[in-house]
1. Quick one: Cα centre-to-centre distance for the stretch A:54-89 and the stretch B:6-32, in angstrom?
2. Relative to the longest principal Cα axis of chain A, at what angle does helix A:67-95 sit, 0 to 90 degrees, rounded to 10?
3. For the Cα atoms of chain A, what angle does the longest principal axis make with the long axis of helix A:163-177, in degrees from 0 to 90, nearest 10?
4. What is the helix-to-structure angle for A:31-49, meaning the angle in degrees between its Cα long axis and the longest Cα principal axis of chain A, kept from 0 to 90 and rounded to the nearest 10?
5. Would you please put A:213-221, A:41-49 in order of how densely packed they are, using the mean number of other Cβ atoms within 10 angstrom per residue and starting with the highest?
6. Along the Cα→Cβ direction, 7 angstrom out, place labels at residue A:250 and residue A:163. What is the inter-label distance in nm?
7. With an 8 Å Cα cut-off and a minimum separation of 6 or more residues, compute the relative contact order for the stretch A:92-195 in percent.
8. Can you give me the relative contact order of chain A as a percent, contacts being Cα pairs under 8 Å and 6 or more apart?
């Protein structure tokens, strides 16, 4: 995935600034990042307390139902991540500004990580409850398609050598690929599925006890802050890569 | 209670994976920052072409 950044002369220079340590570099990236990380820490501790201590135990499934909080939160945040890819892709095609593309690239990778984890958490929940790790149910199949679409997006970014062309192709894929998200959401209404329908976001109100709804909101807020922190760092990383690429091009034009 | 391992394995995998992802990103940032510092030094040292040079 990483773009080739090797330089012809990568010997350390006596005038170069000392390389910061891993955590110093992370902290120095963006001033709001520390604020987000602080809020994330507090919210995540509160969410874990609510999940494991405060929320009631579901009568039929027992304690394993607590996977619901991480599974649904990661699913919602994945959809948000791919919506940001959609917006970033539209912005790039409209403005041809690399900042939109950097935002889309960063959010796509985080979305794939979150999607992988919510598929995995779903399998680990499905095994004791449904008796199977996986079934080709409409909700699960459309989710698997979503995962493949955005893995293809990342592969496109990695293997098309010309960056503007890769950005253009990926932007189209990022826009078209997002169409799968409403299909996933509506799949439980359109087809008969093993996966249950929505229990929280419903026109007639949530069908879960208030403690479960509050716990889910808290968990979603915690994972939302995690997404925001990751997005800030990943977008900055993409901007740094762009800067390196432009400087390398400038040097090659000078004949170095 | 017999399904508790599924619960703890799920949360364990999610948090370990997210932490590992954060570590990978931090390492990438460090590497790119190092490359950027090195290339900036090269750009500063590189002689610029004189203006109005007809070739």
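Where a number appears in this text, it was derived from the coordinates with a stated rule and is not lab data. Bear in mind the structure is a predicted one, so any value in this text is a computation, not a measurement. In this analysis, Cβ positions are derived from the backbone assuming ideal geometry, glycine residues included, and neighbour counts consider all displayed protein chains.
1. Their Cα centres are 18 Å away from one another.
2. 40 degrees
3. 10 degrees
4. 20 degrees
5. For the peptides A:213-221, A:41-49, the packing ranking is A:213-221, A:41-49.
6. The modelled label-to-label distance comes out at 1.2 nm.
7. With pairs under 8 Å counted, the relative contact order is 32 percent.
8. Relative contact order comes out at 30 percent.
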